[in-house]
Every structure is written in structure tokens, then in C-alpha cells.
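The values are calculated or read from the model by the stated rules, or taken from the named source; none is laboratory data. This one's a predicted model, so the numbers in the text were calculated from it and none came from an experiment. In this analysis, Cβ positions are derived from the backbone assuming ideal geometry, glycine residues included, and neighbour counts consider all displayed protein chains. Accessible surface is based on the protein model in full, side chains and every heavy atom, while ligands, DNA and RNA are left aside. Shrake-Rupley method; radii C 1.70, N 1.55, O 1.52, S 1.80 Å.
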Amino acid sequence: MTTLLAHITVKSGTEATWEDLCRKLHAETHSSESDVLRYEYWRGKDPQTYYCLLSFADHRAWIDHQASDHHEADAVARRECLDSIRLEFVDPVGGASDLPPTEQQDAPDGASELVAKYTERFQAQIADWWLALR
């Protein structure tokens, strides 16, 4: 499983466009990806600040999401809105979350160039201290 919290800041004046893009991606992700466990966007307290919680059955499912046609279709429009984004891998506390632990997976044999690139670029960052508490 892979779970991330994306910390997002958008450029001033792009909030409405960003939220339209989020709604579209949320709908397409939930309607076409069977291994999505959580995919939600929130506004933060500070202006232009958003969060996205992404959880997928495994790391490959998240990479497949990243490389999907519906994710790639609006990638340029999303980048034009972004001021910054930081992906934070998170790990569920057993007995306090229904989600399984975050794990890394390699790209499958015969993966497309894009899937291989994203697998390398977005490796799960698993903190050593998590492993001692699992």
C-alpha cells in the first residue's frame, strides 16, 4: 500500500481553476481506478493552501494513477496553477487506521517508459522508525 499527504500551494488567482481540476481528477480517479483507497482534496487554513490525501492498494497502483491518461491529460494545467508541492509519505498507526502500511515496489517487467520513470522518481520514503512500530 502507498499513502501520501500532498502539501500544495497554488498561485494567487488560480484557486478556482485548481479546484475545478481537482474535482475532475477526483471523479476520474474514483470512477476508473479500482485500487484507489482514498483520494481527497482539502483547502488549508492559509490562503492558496491545499492538501490531498492519496492512498492506493499498493505502490504500483499509485504509479499507475500517476501515469494514467486522465492524470496526464491536465498535468500542464495543474502545473500552471502550482506554486509548490511536497509529497509526504505517511504510514498508518495500526488499530487507529484501516489502511495497510506504506510499501515500495519496483516497476513490473515490461512497464512502459512513463511507469518506469515514475517508479524511479516517486519511490516510497519509508521512515526507519515506522518499521520498529509495525
Run the simple label-point estimate for Asp20 and Arg38 please: 7 Å along Cα→C-beta, distance reported in nm.
2.9
Dividing the helical contributions, -39500 (n - 2.57) per DSSP H run of n ≥ 4, by the residues of the chain yields a 222 nm value, nearest 500 deg cm²/dmol, of -11500 deg cm²/dmol
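Step by step: find N for the chain, compute 2.2 N^0.38 Å, then divide the Cα radius of gyration by it. What's the final number? Please list the in-between numbers first.
Details: Rg = 15.2 Å, N = 134, 2.2 N^0.38 = 14.1 Å.
Rounded to two decimals, the normalised Rg is 1.07.
For Ala127 and Ala77, calculate 0.36 nm times their separation in residues minus their Cα-Cα distance, and state this gained length in nm to one decimal. Walk me through the numbers before you get to the answer.
Working: separation 50, 0.36 × 50 = 18.00 nm, distance 3.26 nm.
Roughly 14.7 nm would be gained on extension.
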Between region 68-116 and region 36-54, what is the C-alpha centre distance in whole Å?
14
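Percent of accessible area on the chain owned by carbon and sulfur, 1.4 Å probe? Don't jump to the answer; show the numbers that get you there.
Values: 3880 of 7900 Å².
Roughly 49 percent of what the probe reaches on the chain is carbon or sulfur.
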Coordinate range along principal axes, alpha carbons of region 66-134, Å, largest first:
39, 34, 21
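For region 85-134, report the accessible area per residue in Å² (1.4 Å probe, heavy atoms, rounded to an integer).
Details: 3680 Å² over 50 residues.
Spelled out: the 1.4 Å probe surface of region 85-134, per residue, equals 74 Å².
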Calculate, for region 1-83, the solvent-accessible area per residue in square angstrom, rolling a 1.4 angstrom probe over the heavy atoms of the protein chains.
50
All-pairs Cα distance distribution in region 1-80, expressed in whole percent, bin size 5 Å
3, 15, 26, 27, 17, 9, 3, 0
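Using a 1.4 angstrom probe with every protein chain in place, what is the largest-first accessible-area order of Ile85, Ile8?
On the way: Ile85 90, Ile8 5 Å².
Listed by decreasing accessible area, they come as Ile85, Ile8.
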